[in-house]
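Engineer: Sharing a structure, written as structure tokens. Questions coming.
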Amino acid sequence: MTTTEESLLLPVPDEDGAPFWEYAARGELRVQACTACGRLRFPPRPCCPHCQSFDSQWRLTSGRGRIWSYVQPHPPLLPAYAAQAPYNVILVELADAPHIRLAGNLVASADAPLNSVDPARLRIGARVQAVFTETGGVAVPRWILEKP
Ligand SMILES: [Zn+2]
């Protein structure tokens, strides 16, 4: 792990989101599912927005999805991010729940830097797979192309 990598912002889990990060540490991408109506939801929250039930479980996903949109951040950036620019931030539509979109980075492999994918390769609709990058004691989901 490089100094640059350690300076990236880390998630700050709250009570509702803590299980997401605990499963991520095991290499599992899970989303909350309402045990009353069965609908999946993200980001984590205590109450189902569809049926108002407070009962939920964490359902394992395939970790597969498609790039729904993307950006290339430009300066001004925090120093750790400026050091890796140009990099990408993608929104991934989950294959198991297309209404759920997660923000992340497309990388060449789990331990590759944020700028490891040529921005010219970014395509909306490209199939991606979640990988987990250990950084600062947290397993952060990132994404790799299914067909590199
Ligand atoms: Zn519900």
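Computed from the coordinates by the stated procedures, all read-outs in this text should not be read as laboratory data. Bear in mind that the values here come from a model prediction, so they are computed numbers and not experimental data. When we count neighbours, we look across all protein chains shown, and the Cβ atoms used for this are built from the backbone with ideal geometry, even at glycine.
Engineer: If you take every residue apart from Leu106 with its C-beta less than 13 Å away from the C-beta of Leu106, what net charge results, scoring Lys and Arg +1 and Asp and Glu -1?
Structural biologist: Net of charged neighbours comes to +4.
Engineer: Related question: Kindly identify region 62-148 as rounded, prolate or oblate by the Cα gyration tensor criterion: order the square roots of the eigenvalues as a ≥ b ≥ c, call it rounded if a/c is under 1.5, otherwise compare a/b with b/c, prolate if a/b is larger, else oblate.
Structural biologist: Details: a/c = 1.70, a/b = 1.36, b/c = 1.25.
In terms of gyration-tensor shape, prolate.
Engineer: Would you please name the chymotrypsin sites (Phe, Trp or Tyr not before Pro) within region 1-101 that are DSSP coil residues with at most 11 other C-beta atoms within 10 Å of their C-beta?
Structural biologist: Those that pass, being in a loop and sparsely packed, are Phe54.
Engineer: Between Ala108 and Ser53, what is the spin-label point distance in nm, taking each point 7 Å from the Cα along the Cα→C-beta axis?
Structural biologist: It works out to 4.6 nm between the two label points.
Engineer: Next question, about the same structure. Using +1 at the Cβ of each Lys and Arg and -1 at the Cβ of each Asp and Glu in region 13-60, identify which of Gly17, Pro44, Leu60 lies farthest towards the dipole's positive end.
Structural biologist: Leu60
Engineer: Counting just the Cα atoms, what span does the chain cover along each of its three principal axes? Round to the nearest Å and put the largest first.
Structural biologist: Result, largest extent first: 46, 31, 27 Å.
Engineer: Pull the list of the chain cysteines that no other Cys approaches to under 4.7 Å, Cβ to Cβ.
Structural biologist: Those would be Cys47, since no other cysteine Cβ in the chain comes under 4.7 Å of theirs.
Engineer: In debye, nearest 20: dipole of the chain around its Cα centre with unit charges on the Cβ of K, R (+) and D, E (-)? Working shown, then result.
Structural biologist: Working: 14 positive and 14 negative charges, 135 e Å.
About 640 debye.
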